[in-house]
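The next block holds one structure in the form of structure tokens; read it before the comments.
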Amino acid sequence: KNQVEQSPQSLIILEGKNCTLQCNYTVSPFSNLRWYKQDTGRGPVSLTIMTFSENTKSNGRYTATLDADTKQSSLHITASQLSDSASYICVVSEGGYNKLIFGAGTRLAVHP
Amino acid sequence: DVKVTQSSRYLVKRTGEKVFLECVQDMDHENMFWYRQDPGLGLRLIYFSYDVKMKEKGDIPEGYSVSREKKERFSLILESASTSQTSMYLCASSSDGASANYGYTFGSGTRLTVV
């Protein structure tokens, strides 16, 4: 069964610190992997999209990595800010079926 | 700036009521999607549409129907609302389907409570 697993479920860090969120998937065939940020009570907003041939992509203080061999991705947040408090969702596109498989998300809280 | 607009942020409805959730996009996208999001679960696809008057069932279509009379508008209908349908509903649109490298654009969501 195609699945996307994220860890940890929740995370608390202090403002200014770095953190890394993990995503493991079993989706096959693979088309692309996306990371979204979702503020409480809002819709998800795209951070990065990576295809099979890309192993890293940055968007400001957010850097996503992809290892298609081990089917793992990570999202690294540098110098965290209070506004980074949100849920981060890993999404894998199932190639050929035009379908997205969503992880349950990691809830990040950045404290002053 | 591209936009997907959901008509209501919060809704409270009674059990058995017929409920309409509206979604409008201004990007001329062919593809539109309805998801529900529940705590601890990933987004689950209810219905999607690749063209006007076209609809396809997603993973959890039971208890829902959809309507797409115009390209920019995709409506989700709860024929007889139940408490199990209390959830966050998210609409999305895309130009090239789920495999597009341009990603989806999501609306802000409608939090529906059925009492």
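Quick note: the coordinates plus some simple rules give every number you see, no bench work behind them. Here the structure is a predicted model, which means the values were calculated and not measured. Because the Cβ atoms are built from the backbone with ideal geometry, glycine has one as well, and the counts that use them run over all protein chains shown.
By the Kirkwood approach, averaging reciprocal distances over each pair of separate Cα atoms, the stretch A:1-95 gets a hydrodynamic radius of 13.6 Å. Of the residues A:28, B:94, B:65, the one with the fewest other Cβ atoms within 10 Å heads the list, and the complete ranking is A:28, B:65, B:94.
Over 18 Å between C-alpha atoms is what I'm after, so list which of A:99/B:55; B:18/B:71; A:99/B:57; A:1/A:71; A:1/B:55 land there. Exceeds cut-off: B:18/B:71; A:1/B:55. Each part gets one Cα centre, and for the stretch B:31-79 versus the stretch A:1-74 those centres are 25 Å apart. For the protein assembly as shown, the ratio of Cα radius of gyration to the globular rule of thumb 2.2 N^0.38 Å stands at 1.01.
Among the residues of A:69-82, the average count of other protein chain beta-carbon atoms within 10 Å of the residue beta-carbon is 0. Convex hull of alpha carbon positions in chain B: directionally averaged projected area 6.8 nm². Taking trypsin sites (Lys or Arg not before Pro) across the stretch B:28-74, the ones in a DSSP loop with at most 10 further Cβ atoms lying within 10 angstrom of their Cβ are B:53. Coupling constants for the stretch B:105-114 follow from the phi torsions by the Karplus curve (6.51 cos²θ - 1.76 cosθ + 1.60, θ = phi - 60°), and in residue order they are 10, 9, x, 7, x, 10, 8, 9, 10, 10 Hz; glycine and proline get x. Taking a straight line from the alpha carbon of residue B:3, these aspartates and glutamates sit under 15 Å away, with near neighbours fewer than eight places off in the same chain left out: B:22, B:26, B:28, B:30, B:72.
Placing a label point 7 Å from the Cα of residue A:14 along the Cα-to-Cβ line, the residues of the stretch A:72-96 whose backbone N sits under 16 Å from it are A:79-82. Mean sequence separation of contacting Cα pairs (under 8 Å, at least six apart), scaled by the length of chain A, corresponds to a relative contact order of 38 percent. Taking label positions 7 Å along the Cα-Cβ direction at both residue A:82 and residue A:28, the computed distance is 4.7 nm, reported to one decimal.
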